[in-house]
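The values are calculated or read from the model by the stated rules, or taken from the named source; none is laboratory data. Fair warning: this is a prediction, and the values are worked out from it, not measured in the lab. Every residue, glycine as well, gets a Cβ built from its backbone with ideal geometry; the counts of neighbours run over all protein chains shown.
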Amino acid sequence: MSHRIKQLAINGEGFLFDPTSGESYTANGSAAMVIRGLQGGKSIEAIKADLAENYEVSTSRIERDLADFLAQLRLNQLL
């Protein structure tokens, strides 16, 4: 995992700041949960379980949306 994800500052409203690039982002609740999980060293499986516990969506939807979000993080060189 890139160290950049660990450097992101995130507040309670989902505002993210990348001190390396100066970029800022906005994350919804589930995206913030994923980022905090990654920053805390959680596995993808543990993050999936957290999402399933907190959101009433199917496992397949969680897996698809998580894969899409992780791809976005990679595209932005945050992961």
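Residues in region 12-31 that are within 17 Å of R64 (Cα to Cα) and either buried (at least 16 other Cβ atoms within 10 Å of the Cβ) or touching a helix residue (DSSP H, G or I) at 6+ places or on another chain (Cβ under 9 Å) (or both): G29, S30, A31. Say we look at region 64-79 and pick out the residues that are assigned to a helix (DSSP H, G or I) and modelled with pLDDT under 95; which of these is surrounded by the most Cβ atoms within 10 Å (Cβ to Cβ)? Restricting to residues being assigned to a helix (DSSP H, G or I) and modelled with pLDDT under 95, the top hit is L73. Entry remark, region 14-63: residues being among the polar types (S, T, N, Q), over 10 Å from the mean Cα position of the chain (by Cα), closer than 18 Å to L78 by Cα and outside any loop (DSSP other than H, G, I, E, B) number 2 in total. Of all residue pairs spaced 6 or more apart or on separate chains, those with beta-carbon atoms under 7 Å, a first member in region 63-78 that is over 15 Å from K48 (Cα atoms) and a second member that is among the charged types (D, E, K, R) and in a helix (DSSP H, G or I) are Q77/R4; L78/R4. When only residues in region 1-11 that are exposed (fewer than 12 other Cβ atoms within 10 Å of the Cβ) and within 16 Å of L78 (Cβ to Cβ) count, which is modelled with the highest pLDDT? Only one residue fits best here, namely A9.
A search for C-beta distances below 9 Å between a residue of region 42-59 that is in contact (Cβ under 8 Å) with a residue 40 or more places away in the chain and any residue that is of a type in the set (S, T, N, Q) and assigned to a loop (DSSP other than H, G, I, E, B), counting only pairs 6+ apart in sequence or on different chains, returns nothing.
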